[in-house]
1. Quick one: grab the alpha carbon gyration tensor of the protein assembly as shown, order the square roots of its eigenvalues as a ≥ b ≥ c, and give me rounded if a/c is under 1.5, else prolate or oblate depending on whether a/b is larger than b/c.
2. Counting partner chain Cβ atoms within 10 Å of every residue's Cβ in A:327-339, what's the average?
3. Measure nothing but the geometry: give the 0 to 90° angle between the long axis through the Cα atoms of B:248-261 and the longest principal axis through the Cα atoms of chain B, rounded to 10°.
4. Quickly work out the residue A:13-to-residue B:439 label distance, labels modelled 7 Å from Cα along the C-beta direction, and quote it in nm with one decimal.
5. Could you give the nm distance between label points at residue B:14 and residue B:165, where each point is 7 Å from its Cα heading toward the beta carbon?
6. Taking only DSSP H segments of four or more residues, each worth -39500 (n - 2.57), what value at 222 nm results for chain B once the sum is divided by all its residues, to the nearest 500 deg cm²/dmol?
7. Report the relative contact order of chain A, percent, no decimals, based on alpha-carbon pairs under 8 angstrom and at least 6 residues apart.
8. Using only alpha carbon pairs under 8 Å that are at least six residues apart, calculate the relative contact order of the stretch B:56-240 and give it in whole percent.
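Throughout, read-outs are computed from the coordinates displayed, never taken from laboratory work. If you're wondering where the values come from, they're calculated on a predicted model, not measured in any experiment. Glycine also receives a Cβ, built like all others from the backbone with ideal geometry; neighbour counts cover every protein chain displayed.
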């Protein structure tokens, strides 16, 4: 399937940066889950899960690279339908952990369908806007696209997993923006969202979600309770200094002052142990991945490819930025993981698969 | 159906992609700045916060300095006790844990809650002691259920130990947790909430020297406060030992004498040459060991509500009429003021009339003709009525003050109260009234408004013994400045008066006669040693008033107090002291107690075996209550 010619068009630099970020992630997950005991310490089993997921993710990346992205796009409705079915299934029969119903057990694995929402929605929207002969510039197309994005968003939010749900928004906004949506319209939507947001805060958010926002605004009011994570995140990052405390030597991470850091606060662990230098390196790699991916969109041979990459990378960039900001205690604590680094098999596999599509679009820029 | 990009489209797309790229790059730049602020600019602040997060400094209490007697025998030491404490940060459900602990150990759950509540403002990693001096059974119960009792720990701490229990309790005092008021004060610098400090007696007076320096153990803990590993340990420095002037044999004799008598009261024995205290007691006493590891509420409440006031240090805080023990002061004042000579004689017919009022002598038949020596020996009231009347109250006051009565002794123990020897000036100032000459008559035999503390009586008799030097009673003989015990010079005397030796000798002769000449203090006689003394029986209330009051309330003790002041040997005395029996009925009863003290002292001096503790019968106490004694308004006796 993969013609020899195409092989030369694979963006090895982008792929290399992705693999390095994934490897850093595995190392950081190991550090965040390392079991420190009076007798010494040992690696926890979670790092192996992450390693397996990385392997599976690379296979997924290959699959999403080898098959022409247009084939995926043509089947986007089917994929989208399958996603909706899975999300409904999760809500009905899914496995509950930590108060949320997110997982479907498959053998030894626990599939988290919401993590695949971004790829599916990006494919669906890219197809919808990219293959639309009118150019998808009118309001009704926008509304239609918005509905396509909102259905899985609401299903995911219902789990409840607000963090993952909101990552679908930038996918839609990114594609709509690239599709030529007038900025004025976006502005109107944004203004319209404001009262909607206030209404939502008052009536739709759960108490713990409200508390997170309040706590973020004033973490000191409850340093042992809800403000704890925000304060501890700042301490963790700040104590790293220029060069960091060294791998497995961060006191905040190793003595578990940041709870379950491998999920949402893996970047804080990196900041503490690798210091400002490590932070700049990781941020540089992420920035490179994002800018390079946008280049792939620019090079795409068709609107479909450009929109697909634009949507995927908009979601990716949003997630990275939000998580890193939160890692430094500068944004309210939301369940938004750091793609490629945070602990979580479904997330890692989905992220790698989505980069398969990005590489795919760039690789096939000359084909017809 | 491929929708390849048209040139227009591509231009627009390229522009919008560039916009997104610039946006992302700008946000990343902002993020980098944010991390720079936290990691570089504010690094020190956050590093310190991280250090505080992971390290805990736990105090290692220092044992207090040991107290030794003048011969080096240990009077107060330390021993290890086990406390059961709560570390709040290690547990989520404190009420539940306290409930379980109360159940396991039999402690009062409400009290445990109150202890925790009282100290809720302290850092949550600092252990709060819940059960002090836990019994073996409580410790075993805790160990058996320690997995349920999260956050509960057992710690071994040094606690004060008083081997002789209640002996000299008021002198040693007791220790206890530092109070909030003390924490505010400069002289408790370095002490923290929960520190054990002296709260009474020598423990309080010399707290700073005895306290030592607490050490600290720094440990690394995880986010739930569990200890991961020790970081550094600063061992505590034990407090410096201190050698007291107390002689443990004399001290024991004082306690044994009191125990055999069954009376409450106080006694102070000292070296009249420098004021060093050899023995000291106040009865009833308490057991300072009960305080050492923290006193429980019930015991504390019982001590405080006891009508006999065991916490009161009667030696320093009790004020009583001296009765006839005051007579030597009046006699000496008469001699020194040139009013009388030792041969001045008065005829006692069992009473005399002054200012139109009859004053009785304690001896109904009268003493006949008595001179000064005889008057002291027989404690003749009429003689001293007469001398007192000739002197006037102000000259009595002058000499009593020079001998330490009605003024503070300035012993280093806290909360000494001052007695009273009245004067015309005092009455004018305090009562805004003129002094009536008739009031002097009662004063002359140590009744009326005269009140003295036992410690001031000890100073008085020591001053009589040493010839006019009002020594300062003191307790410390040697201190350790780090290079072993070094003698501490005795504090300078409060005052010194040149008493004419012949005149003083007359008083001493009289006091010798009290003990050895068939006088009122014969029971204090020690074969082969010239003991001098003076008894005193002091009315608590006038006889007439007593009959009425006693009829009303049978539970109040109105029996007379018994005093005995003594020094020995007559020439160049080396021991002086006072025994005060509260409601001891007769002065001679106090002389019986003093006898054991003196006998012990001389046996030790002569290298003979010490006399065994006396039995109650040995003391031959006189319980005959003389309250049927005539209706005369005064009549301090024998």
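1. It comes out prolate by the Cα gyration axes.
2. Mean shielding count: 1.
3. 70
4. Going by the 7 Å Cα→Cβ label model, 11.1 nm.
5. Going by the 7 Å Cα→Cβ label model, 10.4 nm.
6. -10500 deg cm²/dmol
7. 29
8. About 32 percent, as a whole number.
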